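The values are calculated or read from the model by the stated rules, or taken from the named source; none is laboratory data. Only a predicted model underlies this, so the values are computations on that prediction, with no experimental measurement involved. All Cβ positions, glycine included, derive from the backbone under ideal geometry; neighbour counts span all protein chains shown. Heads up: the accessible areas ignore ligands, DNA and RNA and are worked out on the full protein's heavy atoms, side chains in. Shrake-Rupley method; radii C 1.70, N 1.55, O 1.52, S 1.80 Å.
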Amino acid sequence: MSLAPHPSQADARSHEILASIRQAFAEKGFDGASMQDLARAAGMSVGNFYRYFPSKSEIVKAMCGYDLSEIQAEFADVQNAPDPMLCLRDHILGHFDGKEEADGQLWAEITAAAIRKPDIREAAAMMEGTIIAFLIAIFAAVTRRSEAEARQRYEGQAQMLVMLVKAMAMRTCQCGPASPALSAQVVAVVDRVLSEISNDKAEG
């Protein structure tokens, strides 16, 4: 008889483990954090930890999936909002408040690891591509365009917004919260991008 957890139980437990090791992974880095360090942060034996995550690359890929599920919930909130673009703006600016320093450290480490490890690069690229697709779906609905046309018109803007969120998160972990002057410039860019798209509604 197999003693492996039921799939739904395993998934829930994996999410608990990922939540508990994020800080250790962010602080020590991809190369610095040993599997023993991560198992200790999760309150598990190394052997049991390996049952869930056989390598650090698998941990990173699972973290991408874990974060993507949270981001998907954010986008569902945006899509169901009375004013989707205003709601999207609030979510984007919420990532600039300096309260997610550990996430900035984590994504700085994942970005560095992606340069050296193709499987991590693939996972990170898939996550970014999915976020861009979410953004384009919102832009399509707001401008009353097909998603194909919205991608053609707004993919660059979607990439810009993703880049801003990632860059600000990593800058915060390296340099501390942005100055009011920098924050104002970033907000201005976000507002310009969203305003241009909102005002570009299809005719008819």
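A compact table of results
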{"read-out": "In nm, spacing of pseudo-spin labels at S20 and R51 (7 Å Cα→C-beta vector)", "value": "1.3 nm"}
{"read-out": "T172 accessible area, 1.4 Å probe, all protein chains in place, Å² to nearest 10", "value": "20 Å²"}
{"read-out": "Additional length obtainable on full extension of the chain from Q152 to A12, 0.36 nm per residue less Cα span", "value": "46.6 nm"}
{"read-out": "log₁₀ of I(q)/I(0) at q = 0.08 Å⁻¹ - the chain, Debye sum with one point per alpha carbon", "value": "-0.33"}
{"read-out": "Fraction of accessible area attributable to carbon and sulfur, segment 112-204 (%, probe 1.4 Å)", "value": "58 percent"}
{"read-out": "Scattering curve values for segment 24-68, log₁₀ I(q)/I(0), Debye with Cα scatterers, q = 0.17, 0.24, 0.28 Å⁻¹", "value": "-0.43, -0.86, -1.11"}
{"read-out": "Separation of alpha-carbon centers, segment 42-90 and segment 106-136, rounded to whole Å", "value": "13 Å"}
{"read-out": "Rounded accessible area per residue of the chain, 1.4 Å, Å²", "value": "53 Å²"}
{"read-out": "In Hz, Karplus ³J(HN,Hα) per residue of segment 51-57 (6.51, -1.76, 1.60; θ = phi - 60°; x = Gly, Pro)", "value": "5, 8, 9, x, 7, 5, 4"}
{"read-out": "Ellipticity estimate at 222 nm from DSSP helix runs (n ≥ 4, -39,500 (n - 2.57)) divided over the chain, nearest 500", "value": "-27500 deg cm²/dmol"}
{"read-out": "Extension gain (nm, one decimal) between R121 and R40, 0.36 nm per residue minus Cα-Cα", "value": "26.5 nm"}
{"read-out": "In Hz, Karplus ³J(HN,Hα) per residue of segment 174-180 (6.51, -1.76, 1.60; θ = phi - 60°; x = Gly, Pro)", "value": "8, 10, x, x, 5, 5, x"}
{"read-out": "Å³ per residue enclosed by the Cα convex hull of segment 13-125", "value": "107 Å³"}
{"read-out": "Potential lengthening between S198 and T111 on full extension [0.36 nm per residue; Cα-Cα distance subtracted]", "value": "28.2 nm"}
